[in-house]
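Heads up, the thing below is written out as structure tokens.
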Amino acid sequence: MEEHKDRASSSISIALIGSGGAGVMTAGSMLLEAAGRAGLFGIMTRSAGPQIRGGEAAAMLRLATFPVESHDNEFDILLAIDWLNADRFRAEIPLGTQSLIIGETDAEPPQAFTDSGARTLELPLKQIARETDGGRENMVVLGVVCSLIGLPLEPLHQVLESLLKRKGQAAIDSSVACVDSGAAHTGKHQGSYQLSLSSEKQCDLWNISGNEAAGLGAIRGGVRFVAAYPITPATELLEWMAPALEQVGGILVQAEDELASVNQLIGASFGGTPSLTATSGPGLALMTESIGLAVASETPIVVVDVMRGGPSTGIPTKSEQSDLNIAIYGLHGDAPHLVLAPMSVADCLFTTQWAIHLAEKLQTAAIVLSDQNLGQTRAIIERPADVAFVSGRSIQETPMEGYQRYAVGGNGVSPMALPGTAGCQYTADGLEHAPSGIPSSRAEDHRQQLDKRRDKLVNHDYGDHWALIEGEGEFAVITWGSSLAPVREARAMLLSDGIDIRIIAPRLLLPVQPERMQQALAGVTGALVVEQSHGAQFFHYLQAFYPQKFEFMSMAQPGPLPIRPEQVVADIKTRGKY
Amino acid sequence: MDQTSTSTAALKPKDYKSDTKPVWCPGCGDFSVLSAFTKAMAAMQLDPERVVVISGIGCSSRIPAYLNVYGFHAVHGRALPVGIGLKITRPDLTVMVAGGDGDGFSIGGNHFMQACRRNVDMTYVVMDNQVYGMTKGQASPTTEPDWERGKLTPHGTRINPFYPLVIALASGANFIARASSNDPNGAARVITEAVQHPGFSFVQILSPCITFRPEQRDWKKIVHPAPVVATADPAVAARRLMTDDNFFIGTLFKGERVPFTPEFEPRAESAHELETAFRMSA
Ligand SMILES: Cc1ncc(C[n+]2csc(CCOP(=O)(O)OP(=O)(O)O)c2C)c(N)n1
Ligand code: SF4
């Protein structure tokens, strides 16, 4: 469009919707892959109705010339194969007057969408598909989108060839034909949402989901045993790990429930194998008693919680940052442990790997709070760097006279003897114990062991990885996890207005880092806390552990709707008095 | 394990005992079970450092610390999963799980069934006293329905007792036996057999709680050896269980069910190879 905003040339947002069997997810995945092959960055998220299989679905993509981590304020293109039950996606697909709604000829788009003032375009998708033997509308749609955004068809052809190989040459040919004729039907709209493609070849790009990234991070960190019980939205992490672990000599066991899975980890870890499980809120709730056992018995384990809407069964398929409280406070007794949170798809890899390193090194339990948004978003990212964080547990390797498993002193980490080491036999215990491991209810032993388990975590130097800090402003936005992405985007928008805010996003949520936070907040006079929870859990956490002279302000929004950059901008402008 | 090794002197039962003094009431059946464990270990000449005994919570679950082997005293009801995770990743170890009837059949009941199904090569010993000893005398899943001295069930439980041997057989355990703490030598023989049999072995040991069920002192008069030898046929075992009075002592079933032994053969050169799946071929 003539007056199309400048930003559109570097980032385009596209939503594809359709009812059961229309194949919008397939089309979306292919588009993302093709964009990646063309050297673009991008993300794709999905949304679906309540049906177990089939039913209406939406693939939401953002393609850009720079790395993107969250959706934009609006979608540029909404393309529907049909409009059946499309209304349900209205809130997830904000449109503006610059947006274009494309649908089947003579199929009126729902008013809920046209109310936005977006323009509409009708295309005979069915008919175009029918012109090709075995043609499908979702392939036509792909061609239409490529033409609108000026994505060359060549990479898409390549994707079709590799993805449809097992369906045979006829399937490839008909898909290619549909794509080409879809692209030929956009008329004057061709290139109207042109993305500026650089001829520069991007370094090493990956197409990966947050769940897969966490799985890869686990394996890089040394995990060779996973026990788990399926749960949305963590299942893909497990499904990726089952065959991957086999390749590196590990194993995944499907346990009977989360009580079993977490305890299987404890057994495997006691034997010396770095172990991890992935679950979501309901599973984490079941595991808490035994996470406490891992803490008390000083047996390293890692639990990845891919958060979804809660409480109870909640909204299994949608994101929310509402398990912070249970992760921080959910264990009974005084049970110091690690809580970490990745803040992007790529960071799922780093943070999971770091969590394993820390749990192993500090002989404790780590909870990694990912969420549905990070876990199920598929993204084109730069290859995450290799980091040196591997297990590195302190082991008592040789027989030792008078070995004490829970010896106190030093940095609090006492070498662990593994079964098979002669002369070091001991019983690991969740009962409070003396340094030898023998159960004890003496006040002195309890105090000593409580100190030990706390000090080894508190005294560890977590380095700069503890948080992401950006900007210099006197007004800070403190956020965490997947909420960071819209906040960063808001910062970029504010910068173009000459406003610099400071972003602080802790990756390490427990143990808290008061000195580092104080340093990060130096010179700050006001702070907005941005999170996706109804109860403002992160806000209360900050108030409790990082009290400041100024008052924190809270921007807490429950799931399932993602936080949009412009919401953050508006909030900062009013609350930050800009 | 090299059982014919002559380089070290033969280990005696006491070599498997730790210095820690049991917390049990004098006369508790669990003392004899402890002695059966050490006798069995000595009979097999197991290297103490290659044995792990894992338990949950209860009087009986205190047993690991009284042994001079590796141990894990886990939480109530979850000892079996701990044992499974350990044995799967460390097949070189002899893994034994021990505990009470409340621990194993009530709070841990599902793990019991699932462990039988999974049939990992390990031995599970339940010291059954038909009561919760540690929490001072409540009814357990194996308590008779008309036992009226349980403080939470003053009119008796009035619910059907749990039949561990039946459940074990139906769920897929590969070795099923009952022993009595009144005969530690016999119990030691059964434990030895259980450890040596491949797959998941289940041993119920009748072990009186003389404090909350003093009438169980009479068990020594009631128990009687099973008149027949163990069968490998689940159908035969099932028929025998139908006439079981809960006091037959001996090995009921030695099956040929295939144990769960996953392979650990790395196929990729390194974790790096896994990355190729994500790399965009531009
Ligand atoms: C989650 C949990 N619930 C309850 C308890 C309290 N508790 C400790 S031991 C026990 C029952 C023990 O009975 P049993 O397993 O038969 O062992 P016994 O003491 O008779 O040997 C209970 C209910 C606990 N420790 N943990
Ligand atoms: S209460 Fe019963 S089971 Fe517990 S130690 Fe005493 S006699 Fe044994």
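The values are calculated or read from the model by the stated rules, or taken from the named source; none is laboratory data. Everything numeric in this text was worked out from a predicted model, so none of it was measured. Virtual Cβ from ideal backbone geometry, glycine too; neighbours counted across all protein chains shown. Side chains are part of the model used for accessible areas, which takes the heavy atoms of the whole protein and leaves out ligands, DNA and RNA. Shrake-Rupley method; radii C 1.70, N 1.55, O 1.52, S 1.80 Å.
Structure notes:
- Counting only residues that are within 12 Å of B:Y124 (Cβ to Cβ) and of a type in the set (F, W, Y), region B:162-179 holds 1 of them.
Residues are listed down the side, and each one gets a yes or a no for (1) assigned to a loop (DSSP other than H, G, I, E, B); (2) assigned by TED's automatic domain parsing to the domain that holds A:Q376; (3) of a type in the set (S, T, N, Q); (4) under 32 Å from the mean Cα position of the chain (by Cα):
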residue: A:R53; (1), (2), (3), (4): yes, no, no, yes
residue: A:L63; (1), (2), (3), (4): no, no, no, yes
residue: A:L84; (1), (2), (3), (4): yes, no, no, yes
residue: A:F89; (1), (2), (3), (4): no, no, no, yes
residue: A:A107; (1), (2), (3), (4): yes, no, no, no
residue: A:F113; (1), (2), (3), (4): no, no, no, yes
residue: A:G135; (1), (2), (3), (4): yes, no, no, no
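- Some residue of region B:133-149 being under 26 Å from B:N185 (Cβ atoms), surrounded by 24 or more Cβ atoms within 10 Å (Cβ to Cβ) and within 14 Å of chain A (Cβ to nearest Cβ): no
- Between A:L349, A:L284, the distinction of being in the same structural domain as A:A213 (by TED's automatic domain parsing) and more than 24 Å from B:F72 (Cα to Cα) belongs to A:L349 only.
- Residues satisfying the criterion are present in region A:269-290 (criterion: away from every other protein chain (no Cβ under 14 Å), touching a residue at least 60 places away in the same chain (Cβ under 8 Å) and among the aliphatic types (A, V, I, L, M)).
- Yes/no for B:V195 being in a strand (DSSP E or B) and of a type in the set (A, V, I, L, M): no
- Residue ID - nearest to the chain's Cα centre (by Cα), chosen from residues in region A:395-421 that are open to solvent by 40 Å² or more (accessible area, probe 1.4 Å) and under 21 Å from B:D19 (Cβ atoms): A:V408
- Looking only at residues in region B:49-64 that are part of a helix (DSSP H, G or I) and open to solvent by less than 20 Å² (accessible area, probe 1.4 Å), the one that is nearest to ligand 2 (Cβ to nearest atom) is B:S60.
- The residue of region B:26-48 that is farthest from ligand 2 (Cβ to nearest atom), among those that are closer than 19 Å to B:V126 by Cβ and open to solvent by 60 Å² or more (accessible area, probe 1.4 Å), is B:K39.
- Checked against (1) more than 11 Å from the chain's Cα centre (by Cα); (2) more than 8 Å from every other protein chain (Cβ to nearest Cβ); (3) within 13 Å of ligand 1 (Cβ to nearest atom); (4) open to solvent by less than 10 Å² (accessible area, probe 1.4 Å), B:A74 passes all but a single condition, namely (2).
- Residue match in region A:547-559 (condition: crowded, with 18+ Cβ neighbours inside 10 Å and more than 30 Å from A:A366 (Cα to Cα)): no
- When each of A:D87, A:D106, A:D115 is tested for being at positive phi and open to solvent by 50 Å² or more (accessible area, probe 1.4 Å), the lone residue that passes is A:D106.
Results for (1) of a type in the set (F, W, Y); (2) open to solvent by 10 Å² or more (accessible area, probe 1.4 Å); (3) away from chain B (no Cβ under 14 Å); (4) in contact with a Gly (Cβ under 8 Å, 6 or more places away or on another chain), shown as yes or no for each residue.
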| position | (1), (2), (3), (4) |
| --- | --- |
| A:I301 | no, no, no, no |
| A:M307 | no, no, yes, yes |
| A:P316 | no, yes, yes, yes |
| A:L349 | no, no, no, yes |
| A:W354 | yes, no, yes, yes |
| A:K361 | no, yes, yes, yes |
| A:R378 | no, yes, no, no |
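- Count of region A:376-386 residues which are in contact (Cβ under 8 Å) with a residue 40 or more places away in the chain and within 23 Å of A:E360 (Cβ to Cβ): 2
- Unmet criterion (only one of (1) open to solvent by 50 Å² or more (accessible area, probe 1.4 Å); (2) more than 21 Å from B:L206 (Cβ to Cβ); (3) within 16 Å of ligand 1 (Cβ to nearest atom); (4) over 22 Å from the mean Cα position of the chain (by Cα)) for B:T153: (1)
- Matching residues in region A:39-51 - criterion: being buried (at least 24 other Cβ atoms within 10 Å of the Cβ) and not in a strand (DSSP E or B): A:L40
- Scanning region A:250-298 for residues that are within 15 Å of ligand 1 (Cβ to nearest atom) and open to solvent by 10 Å² or more (accessible area, probe 1.4 Å) turns up A:D257, A:E258, A:L259, A:A285, A:L286, A:T288, A:E289, A:G292, A:A296.
- Test: residue in region B:125-136 that is without any contact (Cβ under 8 Å) to a residue 40 or more places away in the chain and over 30 Å from B:D233 (Cβ atoms): yes
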